[in-house]
Amino acid sequence: MDAEKSSSSSFEDLSNINEQERAEMNSSTGQQQQQEAGTKNQKEEYMDILGNGTLLKKVLKEGQGERPESRDIAIVNFTGRLDDGTVVEEEQNCVVQIDDVEVVQGLDMALKLMNVGEQAEVIVSSRFAYGEQGLKNEDHPERTVPPNEKITYTVELVSTKEETDLESKTYTARKEIGNKKRLRGNFWMKRQEYNLAIQSYRRALEYLDESEGGITNPTESGNMEPTNAELQELLEDRMKVYNNLALAQLKIAAYDAALKSVDHVLQCQPNNAKALFRKGKILDAKGDTEGAISFLQKAATIDEDDKLIQSELSKLILKSKREARNEKDLYQKMLGQAQKLEQKSKTTPATQNRETSKLCSFFQFKLWGYLMGSILIGVAGVAIYRYNNRYF
């Protein structure tokens, strides 16, 4: 009996253990399923804007107003944080023109999917934020964005409105907006994102060109045309944009477009050293070394202290000498080959004549041999005939 009790007791203990394990397993499975369900629900809360997880948006507070469209003027509040919670961007009542890359691309795209009054969380991957370069903040080093970091923005769309026509904008407004876009282009240029820089510069020119819709400067007494001094300031700003636009186009090898941009500058300012230098670089890239040298020489004459111009000019002169030397060597090589061919053509007929002469001599020799043989045979025949007549 003791043995049976012991055996029974042992069996019951093992059963209890299995039940406990089973309960733990069921509990663990339940927790895992809850976590998966929670993760699924969390994912479903976000709108996958691009469909690949690189740009996500979740509504924190519903808005009731309209959505902004391309080129609309929006006022937004936003705060950008890294995964560790570090605040890297923070703006209040920030004026943003939609699709003009005045904020990071991911945020620019998400704004078009928000209603006025809406608050949202937007998770932007590094590709649509500051990419492999990150963003160095010299004024506030603690807000520097490391390379390949995603940024989570908390965004509020305060208001949006259509942009007014250029014709209705004042000189002051057009100058202010144009230079804002010019500076944004410079920002993208420093980051070597040349296509975005070109986009910003082209938009800047729309505001800084007085031929686009005209410019007026309203006063209390009515509308007045801008003064010559104001138009000169606008011209100076426009020349800066064209110069930088030419550089950005040069960087992406759009040489013809770059030439058009830099020629805009030289038509108004023929002695603009920076434009002359730019044109020289463009011509060099197109393979016109001599043309490039002439423009760099003029630029060096105007700005004698610019070491970069002097350095590039020296390089081009050396390049021109190498090209001339290579061209000369190639010409001599071609000339040498031509002379060899000509000499060969002269030598061939003479050789053929010698061979023909030898052949003729050979046939003449054989002919004379036949003739001499015939004569000898004839003489021998006569002698034999006479000999026979003599003795018979």
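The values are calculated or read from the model by the stated rules, or taken from the named source; none is laboratory data. Bear in mind that the values here come from a model prediction, so they are computed numbers and not experimental data. No Cβ is skipped: glycine too gets one built from the backbone with ideal geometry, and neighbour counts run over all protein chains shown. For accessibility, only protein heavy atoms count, side chains too; no ligands or nucleic acids. Shrake-Rupley method; radii C 1.70, N 1.55, O 1.52, S 1.80 Å.
Taken together, the residues in the stretch 96-133 that are open to solvent by less than 60 Å² (accessible area, probe 1.4 Å), over 19 Å from L183 (Cα atoms) and part of a loop (DSSP other than H, G, I, E, B) amount to 8. The helices (runs of 4 or more DSSP H) found wholly in the stretch 235-321 and carrying at least 2 residues that are open to solvent by 70 Å² or more (accessible area, probe 1.4 Å) occupy 255-268, 289-302.
Matching residues to (1) charged (D, E, K, R); (2) closer than 22 Å to T144 by Cβ; (3) touching a Ser or Thr at 6+ places or on another chain (Cβ under 6 Å):
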site: D83; (1), (2), (3): yes, yes, no
site: E89; (1), (2), (3): yes, yes, no
site: Q92; (1), (2), (3): no, yes, no
site: Q97; (1), (2), (3): no, no, no
site: V101; (1), (2), (3): no, yes, no
site: G106; (1), (2), (3): no, yes, no
site: K112; (1), (2), (3): yes, no, no
site: G117; (1), (2), (3): no, no, no
site: I123; (1), (2), (3): no, yes, yes
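For the stretch 134-168, a tally of residues being under 21 Å from the mean Cα position of the chain (by Cα) and assigned to a loop (DSSP other than H, G, I, E, B) returns 3.
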